[in-house]
1. Report whether or not residue 105 is out of contact with any strand residue (DSSP E or B) (no Cβ under 6 Å at 6 or more places or on another chain), surrounded by 11 or more Cβ atoms within 10 Å (Cβ to Cβ) and in a helix (DSSP H, G or I).
2. Could we say that residue 70 is touching a helix residue (DSSP H, G or I) at 6+ places or on another chain (Cβ under 7 Å) and at pLDDT below 85 here?
3. Within region 76-88, is there a residue that is at pLDDT below 90, more than 30 Å from residue 39 (Cβ to Cβ) and surrounded by 10 or more Cβ atoms within 10 Å (Cβ to Cβ)?
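The values are calculated or read from the model by the stated rules, or taken from the named source; none is laboratory data. These numbers come from a predicted model, not from an experiment. Heads up, the Cβs are rebuilt from the backbone with ideal geometry, glycines too, and the neighbour counts pull from every protein chain shown.
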């Protein structure tokens, strides 16, 4: 029965971590789709603007050449409805050679990112481990484990008392180990 609260806490922690991961993943997908939609809209807008300027110049030249004898009011161009000028968007097509080059560049970029990320993670963890080992004056994992067995109860007893938990009670062999550690610290 003593293990059930730990299972609930662990389950809650795992569920919240999975939820945070899922939310981050969904946010990344949403951001990418939004960015792609903005880029497609900008390309379509640029295509419309290019088509509109080309059509306006041809319309103006046609009106100016045909209405040389007409009144100045006849030279005004009447704007067409915007929907008639919008060409349908077609995404750019890649040739097989361009696709192969893009695929190779993407693969190289992915491996490079993985390498840099791994290097940073391992380097950061190594520096952290060496720094903590130096600070705690330990040289191997056994010394580190023994040192934490002394430090953690000392630091958490005040925290447990502050949070209203029961007082930390040490067994006789733990008290002996504690006393040896205190003597070694001095």
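1. Against the criterion (out of contact with any strand residue (DSSP E or B) (no Cβ under 6 Å at 6 or more places or on another chain), surrounded by 11 or more Cβ atoms within 10 Å (Cβ to Cβ) and in a helix (DSSP H, G or I)), residue 105 does not qualify.
2. No, not satisfied.
3. Let us first name the residues in region 76-88 that are at pLDDT below 90, namely 76-88.
Going one step further and asking which of them are more than 30 Å from residue 39 (Cβ to Cβ), we end up with 76-78.
Then drop every residue that is not surrounded by 10 or more Cβ atoms within 10 Å (Cβ to Cβ), which leaves 77.
So far as region 76-88 goes, yes, one or more of its residues are at pLDDT below 90, more than 30 Å from residue 39 (Cβ to Cβ) and surrounded by 10 or more Cβ atoms within 10 Å (Cβ to Cβ).
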